[in-house]
Amino acid sequence: MSVRLKLASIWLPDFILKRELDNVARNTIDGLDDLLKQYVPSKMETLIKNHEILKGKLEQRRSSMAMAHNKRVKILIQELGYEKAVKIGRKSMFEVGFKLGQDARRKLGVGDNFKDLELAAGILYKILGIEFKIENKEGNMFMIVNRCSLSKYYSPESCMILSAADEGVVCGLNKNMGMRFKERITEGAPECIACINEVKI
């Protein structure tokens, strides 16, 4: 385990949390905007005029980011239909998350062991206001999210699409691991549950 990863897992100052949240917001919003430019360019003018700038404390910034996601996801679904919007949205957000995960792996010095993955995921989720635990159930690893600040703001459709970014982050942090959400708070579940598996090559 690298010193950087260990220290960051213990404490991160508020300005770094804000900076990293802004980075996540910029990348995910840009990813959705790229889809809109490709599939419904006529809707981009309104979004450009009302471009979001994150301000205030962490919770305000998280709310602003989630609202920006909701706005774009709603347009995609209205214009493309639910199935197509979810399919292309999840693919795009997975790719965005994968790059964010690779970047975090490099900056934090994340190794290939599961403990490093768990610590790094904890750091990234702290930025988003998400708390989780890892459980081993009969040899299967599960991430159980018991608190998610974004769930207060996300539509179920936005959560469905944006959760693919989380899945991409895990793969970016450790190319040998994959994650897939099975239950979501935004769909009425008491907790979000994601299965974490070793990727078979």
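The values are calculated or read from the model by the stated rules, or taken from the named source; none is laboratory data. As the structure is a computational prediction, the values presented were derived from the model and not from experiment. In this analysis, Cβ positions are derived from the backbone assuming ideal geometry, glycine residues included, and neighbour counts consider all displayed protein chains. In case anyone asks, the SASA skips ligands and DNA or RNA and just uses the protein heavy atoms, side chains included. Shrake-Rupley method; radii C 1.70, N 1.55, O 1.52, S 1.80 Å.
Applying the selection to segment 184-201, what residues are at pLDDT 95 or above, within 17 Å of Lys133 (Cα to Cα) and not β-branched (Val, Ile, Thr)?
Arg184, Ala189, Pro190, Glu191, Cys192, Ala194, Cys195 - these are the residues of segment 184-201 that are at pLDDT 95 or above, within 17 Å of Lys133 (Cα to Cα) and not β-branched (Val, Ile, Thr).
Yes or no: segment 127-145 includes at least one residue that is in a helix (DSSP H, G or I), within 13 Å of the chain's Cα centre (by Cα) and closer than 14 Å to Val24 by Cβ.
The answer is yes; a qualifying residue exists.
Scanning segment 62-91 for residues that are crowded, with 21+ Cβ neighbours inside 10 Å and under 15 Å from the mean Cα position of the chain (by Cα), which turns out nearest to Pro13 (Cα to Cα)?
My answer is Arg62.
Please find, within segment 164-184, the residue that is farthest from Arg106 (Cα to Cα) out of those that are free of Cβ contacts under 8 Å to residues at least 24 places away in the same chain and open to solvent by less than 60 Å² (accessible area, probe 1.4 Å).
Phe181
Inspect segment 98-115 for any residue being farther than 21 Å from Leu21 by Cα, open to solvent by less than 30 Å² (accessible area, probe 1.4 Å) and at pLDDT below 95 and give the result as yes or no.
Checked segment 98-115: at least one residue is farther than 21 Å from Leu21 by Cα, open to solvent by less than 30 Å² (accessible area, probe 1.4 Å) and at pLDDT below 95.
Could you please find all residues in segment 37-71 being in contact with a Leu (Cβ under 9 Å, 6 or more places away or on another chain), in a loop (DSSP other than H, G, I, E, B) and at pLDDT below 85?
Once the filter is applied, which keeps residues that are in contact with a Leu (Cβ under 9 Å, 6 or more places away or on another chain), in a loop (DSSP other than H, G, I, E, B) and at pLDDT below 85, segment 37-71 yields only Leu54.
Yes/no matrix, rows are residues, columns are (1) touching a strand residue (DSSP E or B) at 6+ places or on another chain (Cβ under 7 Å); (2) part of a helix (DSSP H, G or I); (3) free of Cβ contacts under 8 Å to residues at least 60 places away in the same chain:
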site	(1), (2), (3)
Lys115	no, yes, no
Glu118	yes, yes, yes
Thr186	no, yes, yes
Cys195	yes, no, yes
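Give segment 2-35 a look and list any residue that's touching a helix residue (DSSP H, G or I) at 6+ places or on another chain (Cβ under 6 Å) and open to solvent by 70 Å² or more (accessible area, probe 1.4 Å), or say none.
If the condition is that a residue be touching a helix residue (DSSP H, G or I) at 6+ places or on another chain (Cβ under 6 Å) and open to solvent by 70 Å² or more (accessible area, probe 1.4 Å), then Arg4 is the only one that fits.
Looking at segment 2-24, I want the residues that are in contact (Cβ under 8 Å) with a residue 12 or more places away in the chain and have a partner that is open to solvent by 30 Å² or more (accessible area, probe 1.4 Å) and not in a loop (DSSP other than H, G, I, E, B) with Cβ atoms under 6 Å, at least 6 apart or on another chain. Which pairs are those?
Hits for this filter: Leu5/Leu119; Ser9/Leu119; Leu21/Arg61.
Quick one: how many residues across segment 185-201 are under 28 Å from Ile75 (Cα atoms) and surrounded by 15 or more Cβ atoms within 10 Å (Cβ to Cβ)?
So the count comes out to 6.
Search segment 136-157 for residues that are surrounded by 20 or more Cβ atoms within 10 Å (Cβ to Cβ) and pair each with any residue that is aromatic (Phe, Trp, Tyr) when their beta-carbon atoms are under 6 Å apart and the residues are at least 6 apart or on different chains.
As it stands, the answer is Met143/Phe132; Val145/Phe132, since those pairs meet every condition given.
So is Phe94 part of a helix (DSSP H, G or I) and farther than 27 Å from Gly178 by Cβ or not?
Criteria not met by Phe94.
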